[in-house]
Amino acid sequence: MRAVFISQAVLNKNNGGGQFVRSLTGLLKKAIGADNLTVISLPDQNDTAQHNRVEKNLVIYEANPTKIQMARNVLSGCPKWVSTDIFDKIIEYIKNEKFDFVFLGFSTYEYLIKKIKKETGLPVFVMYQGVTPNTKKSRLVGASLIQRIKSFPSYRMVLKRERTNAMLADCNIVHNKRERDAFYYYYKKEPEMYLPVFIADKFSDKKGDNPGYSDFSLLFIGSNFGPNLSGLKWFAENVMSKLSEGISLYVVGQGMKVLEEEPTYQKKNIHIIGEVEDLAPWYYHADLVVEPIFEGDGMKTKTVEAMMFGKTILGSDEAFCGYEGLNNYLCNTADEFVNRINCYKKSGVEKFNDEIRSIYLDKYSEDAVLSTMKEAINKYVGN
């Protein structure tokens, strides 16, 4: 059995969406065999500059469209970085290669899924990394009336594009019940499959050197993205000043270095690290991972990543949405964060949390979800 996986963010290793896309390709390779999966990387704002490697069974499309071309792409039912010409080439490639099914890593490729179903008839799986109209709404929390009015055409556009995917796909895949409810609300049908956020196991007994922690360390992982920024600012303003002496926050993530210029973060117990080559040492040597996230949808990749490293995580309802077994680590108010952190500082905390690591292995590792994917392939494609 042969399949083609088509997505943006394939080569972007610096945000949660890119991480999960690569997790999906790894899972599919395990399900049908690595040599039987071809990955097509679509142009994307976040990774066009990172197309610096080519692997077996990997096809890369690059583009640098003008604003006019971007508008034309969107009006044609494509992502703004991807033209109909690119999708047409992909259709011809699919026909020539005689694949058995297609897997789309995102849920708004309207032009592409129409062509696939019309010209090939192949079964199509679509992954929803959040139901897109809901995602649009969540990013407008606190926005002005003018901003909301300006965003309305974009909201209607993604609603139309994603509805087409929902209607034409053979297997629509959502992460959790919240996404199922949103999917049903917008498209009046049930998704065919649940697949939680998961990642392949990279845990190692070799921890490496301390990357730079000096105090009792709180680690925040996240890229320069709205919900991360608002949650981090809230934490800096409402939690950090109330903590005991000797506790510091370390902020690691793509695009975060710019926060050094903001007065909110110019405090002796807040260290803006920015992007790093390897996150593992930062996880291994941190005392606690904090996830004060209060907006968004889907499931947070940063949560499963911290679980994979066996870290004690203090996070909000939003940070833990879709995950089981983390209720003992919930913090939704400043006082809850302050009290838990100070308590851990006073009593001590192991840098490896066996309970959380076990939850990851049982529910959110690649091996834990492999049978779910195999069953879906057998159901919608056949043996």
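What follows draws every value from the coordinates through simple rules; no lab data is involved. If you're wondering where the values come from, they're calculated on a predicted model, not measured in any experiment. Ideal geometry is used to build each Cβ from the backbone, glycine not excepted, and the neighbour counts take in all protein chains shown.
Projecting the alpha carbon convex hull of segment 216-362 along each direction and taking the average yields 7.9 nm².
Each Lys or Arg adds one and each Asp or Glu subtracts one; over the other residues with Cβ under 13 Å from the Cβ of V174, this totals -2. Debye-formula intensities of the chain, expressed as log10 I(q)/I(0) at q = 0.13, 0.14 Å⁻¹, are -1.12, -1.28 (one equal scatterer per alpha-carbon, no solvent).
How far is helix 366-380 tilted, in degrees, relative to the longest principal axis of the Cα atoms in the chain, given as a value from 0 to 90 rounded to the nearest 10? On a 0 to 90 degree scale, this one is about 20. Taking other C-beta atoms within 10 Å as the exposure proxy, S23, S154 rank S154, S23 from fewest upward. Tell me the angle of helix 334-347 to the major Cα principal axis of the chain, expressed in degrees between 0 and 90 and rounded to the nearest ten. It works out to around 60 degrees.
Straight-line reach from K267: taking Cα to Cα under 17 Å and skipping same-chain neighbours fewer than 8 places apart, the aspartates and glutamates in range are D215, E237, E245. Of the residues P153, P211, P191, the one that moves most in a GNM of the chain with alpha-carbon contacts below 10 Å is P153. Placing unit charges on each Cβ (+1 for Lys and Arg, -1 for Asp and Glu) gives segment 266-383 a dipole about its Cα centre, and among H271, V369, G322 the Cα reaching farthest toward its positive end belongs to H271. Computed per residue of the chain from DSSP H runs no shorter than four, each worth -39500 (n - 2.57), the mean residue ellipticity at 222 nm is -12500 deg cm²/dmol. Based on C-alpha pairs under 8 angstrom that are at least 6 apart in sequence, the chain has a relative contact order of 15 percent. Taking Cβ atoms as reference points and 12 Å as the exclusive limit, the residues near T264 contribute a net charge of -2, counting Lys and Arg as +1 and Asp and Glu as -1. Add +1 for every Lys or Arg and -1 for every Asp or Glu among the other residues with Cβ under 12 Å from the Cβ of S365, and state the total. Net charge around S365: -1.
Measuring between alpha carbons in the structure, the pairs from K206/K374; K30/K114; K29/K257 lying more than 30 angstrom apart are K206/K374; K29/K257.
Just so you know, the averaged projected area of the alpha carbon convex hull for segment 181-229 sits at 7.1 nm². Between C343, C331, C171, the residue with the greatest mean-square fluctuation in the GNM of the chain (Cα pairs under 10 Å linked by springs) is C343. Among 306-314, 350-358, 65-73, the peptide with the highest mean count of other Cβ atoms within 10 Å heads the list, and the full ranking is 306-314, 350-358, 65-73. Any idea what angle helix 16-32 forms with the longest principal axis of the chain, computed on alpha-carbon atoms, 0 to 90 degrees, nearest 10? With both axes taken from Cα atoms, the answer is about 60 degrees.
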